[in-house]
Amino acid sequence: MKREPVVCHTCGKPIEDLGMAIVSWKSEPGVEIGGFKVTHKGRCDPGDHRAPQSLEATDLTYPEGYLNFIFGVVLAAVWAGQRLADYHELADVLEAFAPFVCRETTPEEKEQWGWHHALMMPIPRCAASAVAMPALQPRKERRREAV
């Protein structure tokens, strides 16, 4: 899978260093979850406390972190009764990070994440390719429909 640069949802520029980016969203318990975006830290992030839910963008660059975001944040909210406010915003974030995670976790990543890695959901060898959601329309077509 070709790795396109991750683009900031605020300024539209490529994020050269994912260590300087965050993924944020808004969550209203019992109502909805949405507003998913990837932004540069500082100058572009929604640090105005309207989107207090966030994580480091690098957390979505390894298989278990990506799946934990899907299951632990998104699906957990939906299962708890929250409505997914905008499917396309979420799809854009997931699509941006899919090329990083459609692979197995390296030994270095397992060591880096230490005990945290042991708490994460293991991925069967071929399951990671299904995470990229192949049934989604190309990103440009989705944006055109949303307008």
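A few notes on this one:
- Estimated vicinal HN-Hα couplings, Hz - region 102-108 in sequence order (Karplus 6.51, -1.76, 1.60; Gly, Pro = x): 7, 6, 8, 5, 6, x, 5
- Burial ordering of Trp25, Trp79, fewest other beta-carbon atoms within 10 Å first: Trp79, Trp25
- Sorted by Cβ density within 10 Å, fewest first, the residues Lys37, Lys13, Lys26: Lys13, Lys26, Lys37
- Taking the fewest neighbouring Cβ atoms within 10 Å as the starting point, the ordered list for Leu67, Leu55 is Leu55, Leu67.
Where a number appears in this text, it was derived from the coordinates with a stated rule and is not lab data. What you are looking at is a predicted structure, and each value in this text was computed from that prediction instead of being measured. Neighbour counts are summed over all protein chains in view; Cβ atoms, including those assigned to glycine, are modelled from backbone coordinates with ideal geometry.
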